[in-house]
Amino acid sequence: MNLHAVKTIYVNEMRRFWRTIMQSLISPVLSTSLYFVVFGAAIGSRIDQVEGVGYGAFIVPGLIMLSVMTQATANASFGIYFPKFTGTIYELLSAPVSFLEIVAGYVGAAATKAMFIGLIILATAFFFIDIQIAHPFAMIALLVLTCISFSLLGFIIGIWAGNFEQLQLIPLLVITPLVFLGGSFYSITMLPPVWQTITLFNPVVYLISGFRWSFFGAADVSIGVSLLAIGLFTALCLGFIGWIFRTGWRIRQ
Amino acid sequence: MTAIVSVKNLRKAYDGGFEALKSVNLEIEEGEILALLGPNGAGKTTLISTICGIVTPTSGTVTVGGFDTQNDFRETRSMIGLVPQEISLEPFETVFSTVSFSRGLFGKPRDDARIDEILAQLSLADKRDNKVITLSGGMKRRVLIAKALAHEPRVLFLDEPSAGVDVELRKDMWDVVAKLKASGVTIILTTHYIEEAEAIADRVGIIANGEILLIQNKAELMAQMGQKQLRIDLAEPAAEIPAALAGYELQRAPDGRSLTYTYDTKGPRTGITTLLNDLQKAGLQMTDLQTQQSSLEDIFVGLVKEDQ
């Protein structure tokens, strides 16, 4: 195991994060605060409680998940796409590193950044809303799992993307709609029955629901099913990355 | 001398069916400078990339220091440094951090003093904290070399190191290469500048259409294959070559003031003595004689043409 390489990649990626601290941290925090103001305070004050929780508090887990998923995907995809774009990928490919080590470095850094952002948004939420966390350890565990699994997905997107447009394509066309329709801002029990069934095919529902359970002790789907869904998603991403590295798909001729 | 890099029956065919390498065999000796000469698209970069692990071979084996590049990739890649043809660098990193990154990536513990030494060796010390994006093209190429040397490799590949580099930097780079050789590093460079191979290589390999046509000690190659030319300046311009001299296949300069005789240094007789006698008999008065060795370029062009 080339631990020096894992550490080098990780530290290098984190340095980029600190170098671009304004866009890395401040912009997701600012946009999430705006969500709190608009949905939580302005509109939320006219909405009754959802599943026994005030609407402002209800959307907190969803908002954290929304940011964490998009940030993890964006950071990881950019992290591996950038060396492809600049051509510096030659160095990764000629270095004595296994693919597992490359993934550990890039995905580890992307997940850490997303985790930071998630926790800062949670801290921001405390300013706006009175909120209690029923299962704090489960909350952290679910957050970590989500950060890792979506960073893995981002890594796949970064390997697949041939240009900057493609890099944005899946986050914009797939992830954002799935997250918005995955119950970030509402409980799926508020939907008509047909849509409730359709929604269950959206994997993000399980993530948000599980995360919401860790806050309020109640959710649309049971925590066991949520955990199973996150585990399955992570395993799928890992399996796909394993395949990429065995075949050299899109990176090694 | 023992071979540090050994390439056996290496073949690479790309998905489109293009065969970039056709059963290449090559032994690179420890401590030598080998220049791989070839026209564009000859397979030079594919060969280097395969040895470095960037390209997966279709068949054949490559060993570096006795280790197989596929099965023992950690051992082989740790020994190799690669300077790519394209200038590929992270634009927003500083020179120091990008070179230090390379060291870590290749599994060596952080050593700032060593990195500073490498930067000084490449005259980059004053650019240490500059961002890569602010450097000139020549400086960026030095950074690429520094990155390749950061993990103290035993074998260094330089892919077209002097493409787009000015004369001064090229000379500097040759100095660096000479110093590295003195410290025991094996160096393989690809080039299509023949003067570069002539200036610094111990051995020259000529590659065209995915095949190594020839690989030989540079001096021997030039001595064996080299033809020499003798130019005879005449006191009075000759309107035509006298019939008595027809057997020498002389070439007359357009102004008739000189004749050129081409001879083979390998041959049992060069024919110079008889030519000079016959010139005198034909009544041509000579004012000067000059001989010239044919260059590697002539040899190279000759071989590649033959192959086509």
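The values are calculated or read from the model by the stated rules, or taken from the named source; none is laboratory data. In this text the structure is predicted, and so the values were computed from the model without any measurement. Reconstructed Cβ throughout: ideal geometry from the backbone, glycine too, with neighbour counts over all protein chains shown.
With respect to B:Y263, determine if the residue is aromatic (F, W, Y), in contact (Cβ under 8 Å) with a residue 12 or more places away in the chain and under 30 Å from B:A199 (Cα atoms).
Working: aromatic (F, W, Y): yes; in contact (Cβ under 8 Å) with a residue 12 or more places away in the chain: yes; under 30 Å from B:A199 (Cα atoms): yes.
The answer is yes for B:Y263.
Which of the helices (runs of 4 or more DSSP H) found entirely inside segment A:126-208 contain at least 2 residues meeting this: closer than 22 Å to A:F85 by Cα and out of contact with any strand residue (DSSP E or B) (no Cβ under 6 Å at 6 or more places or on another chain)?
On the way: elements: A:136-160, A:164-170, A:176-180, A:193-199.
Output list reads A:136-160, A:164-170.
Please specify each residue of segment B:36-94 satisfying the condition of being more than 16 Å from B:E211 (Cα to Cα) and touching a residue at least 60 places away in the same chain (Cβ under 8 Å).
If the condition is that a residue be more than 16 Å from B:E211 (Cα to Cα) and touching a residue at least 60 places away in the same chain (Cβ under 8 Å), then B:C52, B:V64, B:G65, B:S78, B:M79, B:I80, B:G81, B:L82, B:V83, B:P84, B:Q85 are the ones that fit.
Tally the residues that are within 14 Å of another protein chain (Cβ to nearest Cβ), touching a Gly at 6+ places or on another chain (Cβ under 7 Å) and hydrophobic (A, V, I, L, M, F, W, C), restricting the search to segment B:11-40.
Final tally of qualifying residues: 2.
Going through B:L149, B:L144, B:L82 one at a time, which residue ends up being closer than 19 Å to B:K179 by Cα, away from every other protein chain (no Cβ under 11 Å) and either among the acidic types (D, E) or buried (at least 22 other Cβ atoms within 10 Å of the Cβ) (or both)?
On the way: B:L144 fails: away from every other protein chain (no Cβ under 11 Å); B:L82 fails: away from every other protein chain (no Cβ under 11 Å).
Of B:L149, B:L144, B:L82, the one residue that is closer than 19 Å to B:K179 by Cα, away from every other protein chain (no Cβ under 11 Å) and either among the acidic types (D, E) or buried (at least 22 other Cβ atoms within 10 Å of the Cβ) (or both) is B:L149.
If you go through segment A:1-39, how many residues are more than 8 Å from chain B (Cβ to nearest Cβ) and outside any helix (DSSP H, G or I)?
2
If we scan segment A:194-205, do we find a residue that is touching a Ser or Thr at 6+ places or on another chain (Cβ under 6 Å) and at pLDDT 90 or above?
So the first thing to find is which residues in segment A:194-205 are touching a Ser or Thr at 6+ places or on another chain (Cβ under 6 Å), and the list is A:205.
Narrowing further to those that are at pLDDT 90 or above: A:205.
Within segment A:194-205, one or more residues are touching a Ser or Thr at 6+ places or on another chain (Cβ under 6 Å) and at pLDDT 90 or above.
If I ask for residues that are part of a helix (DSSP H, G or I) and facing chain A (nearest Cβ under 8 Å), which ones from segment B:85-99 would you list?
B:S97
Could you say whether any residue in segment B:50-64 is surrounded by fewer than 23 Cβ atoms within 10 Å (Cβ to Cβ), at pLDDT 95 or above and touching a helix residue (DSSP H, G or I) at 6+ places or on another chain (Cβ under 6 Å)?
Scanning segment B:50-64 turns up at least one residue that is surrounded by fewer than 23 Cβ atoms within 10 Å (Cβ to Cβ), at pLDDT 95 or above and touching a helix residue (DSSP H, G or I) at 6+ places or on another chain (Cβ under 6 Å).
Does segment B:186-216 hold any residues that are assigned to a strand (DSSP E or B), farther than 11 Å from B:G38 by Cβ and at pLDDT 90 or above, and which are they?
Scanning segment B:186-216 gives B:T186, B:I187, B:I188, B:L189, B:R203, B:I215.
Mind counting the residues in segment A:79-108 that are within 20 Å of B:P91 (Cα to Cα), crowded, with 21+ Cβ neighbours inside 10 Å and more than 9 Å from chain B (Cβ to nearest Cβ)?
The number of residues fulfilling the criteria is 4.
Here are B:G104, B:G53, B:G43, B:G65: which of them is at negative phi, within 14 Å of chain A (Cβ to nearest Cβ) and among the small types (G, A, S)?
Working: B:G53 fails: at negative phi; B:G43 fails: at negative phi; B:G65 fails: at negative phi.
From the options B:G104, B:G53, B:G43, B:G65, the qualifying one is B:G104.
One line per residue, one yes/no per condition, for (1) more than 30 Å from A:A95 (Cα to Cα); (2) among the hydroxyl-bearing types (S, T, Y):
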{"position": "A:R16", "(1), (2)": "no, no"}
{"position": "A:L30", "(1), (2)": "yes, no"}
{"position": "A:L34", "(1), (2)": "yes, no"}
{"position": "A:S67", "(1), (2)": "yes, yes"}
{"position": "A:Q71", "(1), (2)": "no, no"}
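Could you figure out which of (1) under 27 Å from B:I4 (Cβ atoms); (2) modelled with pLDDT of 95 or more; (3) in contact with a strand residue (DSSP E or B) (Cβ under 7 Å, 6 or more places away or on another chain) isn't true of B:S100?
B:S100 satisfies every listed condition except (3).
Condition test on B:L289, is it farther than 30 Å from B:E19 by Cα and not in a helix (DSSP H, G or I)?
Working: farther than 30 Å from B:E19 by Cα: yes; not in a helix (DSSP H, G or I): yes.
Answer is yes for this residue.
So, in segment B:107-127, exactly how many residues are within 14 Å of another protein chain (Cβ to nearest Cβ), in contact (Cβ under 8 Å) with a residue 40 or more places away in the chain and part of a helix (DSSP H, G or I)?
Qualifying residue count, segment B:107-127: 0.
Scan (1) within 30 Å of B:V55 (Cβ to Cβ); (2) buried (at least 21 other Cβ atoms within 10 Å of the Cβ); (3) not acidic (D, E) for the single condition A:F215 breaks and write down its number.
Failed condition: (1).
Would you mind stating whether A:Y55 is over 17 Å from A:S209 (Cα atoms) and either away from every other protein chain (no Cβ under 11 Å) or surrounded by fewer than 24 Cβ atoms within 10 Å (Cβ to Cβ) (or both)?
Values: over 17 Å from A:S209 (Cα atoms): no; either away from every other protein chain (no Cβ under 11 Å) or surrounded by fewer than 24 Cβ atoms within 10 Å (Cβ to Cβ) (or both): yes.
Considered against the rule, which asks whether it is over 17 Å from A:S209 (Cα atoms) and either away from every other protein chain (no Cβ under 11 Å) or surrounded by fewer than 24 Cβ atoms within 10 Å (Cβ to Cβ) (or both), A:Y55 comes out as no.
Select, from A:I131, A:I157, A:I120, the only residue that is surrounded by 22 or more Cβ atoms within 10 Å (Cβ to Cβ) and aliphatic (A, V, I, L, M). Spell out the reasoning first.
Values: A:I131 fails: surrounded by 22 or more Cβ atoms within 10 Å (Cβ to Cβ); A:I120 fails: surrounded by 22 or more Cβ atoms within 10 Å (Cβ to Cβ).
Criteria check complete, one pass: A:I157.
Contact list please: Cβ distance under 9 Å, first residue in segment B:173-200 and touching a residue at least 24 places away in the same chain (Cβ under 8 Å) and crowded, with 22+ Cβ neighbours inside 10 Å, second residue assigned to a helix (DSSP H, G or I) and hydroxyl-bearing (S, T, Y), pairs at least six apart or on different chains.
Sorted first by the residue in segment B:173-200, then by its partner, the pairs are B:T190/B:T45.
Let me spell it out: the conditions are (1) modelled with pLDDT of 95 or more; (2) within 23 Å of the chain's Cα centre (by Cα), and B:G43 meets all of them except one. Which number is the exception?
The number of the failed condition is (1).
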